[in-house]
Amino acid sequence: METFRTKLLRKREVAERTAAFYFEKPKGFQFRAGQFIDLTLVDPAETDAAGSTRTFTLASAPYEDELMIATRMRASAFKRVLAGLSPGAVALLEGPMGSFTLHSNASKPAVFLAGGIGITPFVSISKQAAHDRLPHRIHLFYSNQRPEGAAFLETLGALEKANPRFRLIATMTDKDKSDTPWNGETGFIDGAMVRRYIETPSGPVYSIAGPPEMVEAMRRMLIGTGVDPDDLRTEEFAGY
């Protein structure tokens, strides 16, 4: 696996306690939408037992000129150093890795189920699908507690307008604790919600990404609705 040298270009807040970091795309680095990298901080001011390397899915699309990751900001040594980096700071990346990508058979629809920051691979895949005008029908179910914590909602809404084959179903599980108006779905993603939007639940290929407990719950739910386990793909996003 090749290691590349990169530089931080900029950073911005994309949701409550969630930041996106944009890095220079190294010459010769290529990836498929949905893949991930290992990012290593160079000479960090502090570290902990987990070291100075973490795994991140690329939320940018392969056609874009920059590499972008997004993460919940927590009180770990790695996150503190990452948050404090200034533009121009050097980092190392290794990859790409992973096969959590859009399936090739466009006759089978794609259904994505994301919880929280598990949205990142689906942002990349959905952007690339729109850019390439892929024929796949895509439904993205995206669950958050409140709108303030839902990263990339505007980006995904714009993709829905730009790509007639893409449908976003965002849901909030705790909207009553939000000051932001919300007119979309509410409650947890369940079999009834899926069946409202997916006419034949046993037909698509399903991809699930989010916290481990959410991924397992979605897997059980889909199998309970008659989905073939062979049509399920999962990726767990643990906090660090």
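On C-alpha positions alone, give me the angle between the axis of helix 153-162 and the longest principal axis of the chain, in degrees, nearest 10.
Around 60 degrees separate the two axes.
Just order 160-168, 139-147 by mean Cβ neighbour count inside 10 Å, highest at the front, would you?
Output ranking for 160-168, 139-147: 139-147, 160-168.
Using the Kirkwood radius over Cα pairs, work out the Stokes-Einstein diffusion coefficient for the stretch 3-97 at 20 °C and 1.002 mPa s, in µm²/s as a whole number. Don't skip to the answer; put the middle values down first.
Numbers: Rh = 13.4 Å.
Approximately 160 µm²/s, per Stokes-Einstein.
To the nearest µm²/s, what D does Stokes-Einstein give for the chain at 10 °C and 1.306 mPa s, using the Kirkwood radius over alpha carbon pairs as Rh?
Using the Kirkwood radius from Cα pairs, D works out to 86 µm²/s.
Mind jotting down the distance between the C-alpha centroids of the stretch 107-149 and the stretch 194-240, whole Å?
13
Calculate, in nm to one decimal, what MET73 and THR47 gain on full extension: separation in residues at 0.36 nm each, minus their alpha carbon distance.
Going from the current span to full extension adds 7.8 nm.
For the chain, modelled as a Gaussian network with Cα springs under 10 Å, which listed residue fluctuates most, LYS108, LYS27, LYS11?
Taking springs between Cα atoms under 10 Å, the residue moving most is LYS27.
Relative to the longest principal axis of the chain, what angle (0 to 90°, nearest 10) does the C-alpha long axis of helix 212-224 take?
Value to nearest ten degrees: 20.
Give the lysines whose C-alpha is closer than 23 Å to that of LYS108, dropping any in the same chain fewer than 8 places away, or say none.
Cα-Cα hits under 23 Å: LYS127, LYS161.
Just need log10 I(q)/I(0) for the stretch 110-236 at q = 0.22 Å⁻¹, Debye formula, equal scatterers on the alpha-carbon atoms, no solvent, rounded to two decimals.
The Cα Debye sum returns log10 ratios of -1.42.
What does the charge count around VAL81 come to, taking other residues whose C-beta lies under 11 Å from its C-beta (Lys +1, Arg +1, Asp -1, Glu -1)?
Combined, the nearby Lys, Arg, Asp and Glu give 0.
Using the Cβ atoms and a cut-off under 13 Å, what net charge is assigned to the surroundings of ALA217, where Lys and Arg are +1 and Asp and Glu are -1?
On the way: positive: ARG219, ARG220; negative: ASP190, GLU213, GLU216, GLU236.
Around ALA217, the surrounding residues sum to -2.
We did not get these values from a lab; they are worked out from the coordinates using the rules stated. Quick caveat: nothing in here was measured; it's all calculated off a predicted structure. Methodologically, a virtual Cβ is constructed for each residue, glycine included, from the backbone with ideal geometry; neighbour enumeration extends over all protein chains shown.
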